[in-house]
Structures are given as structure tokens and as C-alpha cells.
Amino acid sequence: MSKATIVTMVIGDRYRALWGRYCAINWKAYAARHGFGLFVIDRPLDPSETARQRGLAWQKLLIGTIEELKECDILIWVDADI
């Protein structure tokens, strides 16, 4: 993983499909052009009952727990619906 990585979340079939159709190619090209990694979260990081009672947006607070991202110096959060 790159030292700087763009992270986003697309949970649910509809959001994965829309992101894949309209965003994936451009985001990958942008990340490559700037030497960034790209990490797309496509399932809840915390699937517990407590987490399900909250909105999905709070799960972005858990990105520091993702093993693949722990070596990154910079995490750049970008909402997928930007």
C-alpha cells in the first residue's frame, strides 16, 4: 500500500454499481497519477448489532483499524458520492 492512500466507502449493491460505473476509472487514474493508493470499503467494518443501529457514515471513524492501511502515513478520506 502507498504511504498516502485515498479511502472511500461504497456499501450496498446500488452504491457499488454506481461507483464502479461512474467513478472507479477516474479515481484509479487520479490515485496513480499522484502516487496514491486507493482503498474501497465495500462492507461494514463493524457488523455488530450496535453498529447496525447507527448510520453507516460513522463507520469511517474505524478506518484506522483496517490492517492493510496501518502502514500508510496519510489516509485521505473522500466520500464516494462526491
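The values are calculated or read from the model by the stated rules, or taken from the named source; none is laboratory data. Since the model is a prediction, treat every value here as computed from it, not as a measurement. Note that each Cβ is placed from the backbone with ideal geometry, even for glycine, and that neighbours are counted across all protein chains shown.
Filtered by the rule that a residue be within 20 Å of residue 13 (Cβ to Cβ), touching a residue at least 24 places away in the same chain (Cβ under 8 Å) and surrounded by 16 or more Cβ atoms within 10 Å (Cβ to Cβ), the stretch 28-56 gives 39, 40, 41. Within the stretch 57-82, the set of residues being more than 15 Å from residue 9 (Cβ to Cβ) and not charged (D, E, K, R) comprises 72, 74.
Just to be sure before I move on: is residue 7 of a type outside the set (Ser, Thr, Tyr), farther than 14 Å from residue 81 by Cβ and modelled with pLDDT of 95 or more in the structure I sent? Spelling it out, residue 7 is indeed of a type outside the set (Ser, Thr, Tyr), farther than 14 Å from residue 81 by Cβ and modelled with pLDDT of 95 or more. Taking residues in the stretch 57-76 that are closer than 14 Å to residue 47 by Cα and among the small types (Gly, Ala, Ser), and partners anywhere that are at pLDDT 90 or above and assigned to a loop (DSSP other than H, G, I, E, B), the pairs with Cβ atoms closer than 9 Å and at least 6 places apart or on different chains are 57/79.
Selection of the stretch 23-45 for residues being hydrophobic (A, V, I, L, M, F, W, C) and within 16 Å of residue 69 (Cβ to Cβ) yields 31, 36, 38, 39, 40, 41, 45. Scanning the stretch 69-82 for residues that are part of a loop (DSSP other than H, G, I, E, B) and either of a type outside the set (Gly, Ala, Ser) or at pLDDT 90 or above (or both) gives 70, 71, 72, 73, 78, 79, 81, 82.
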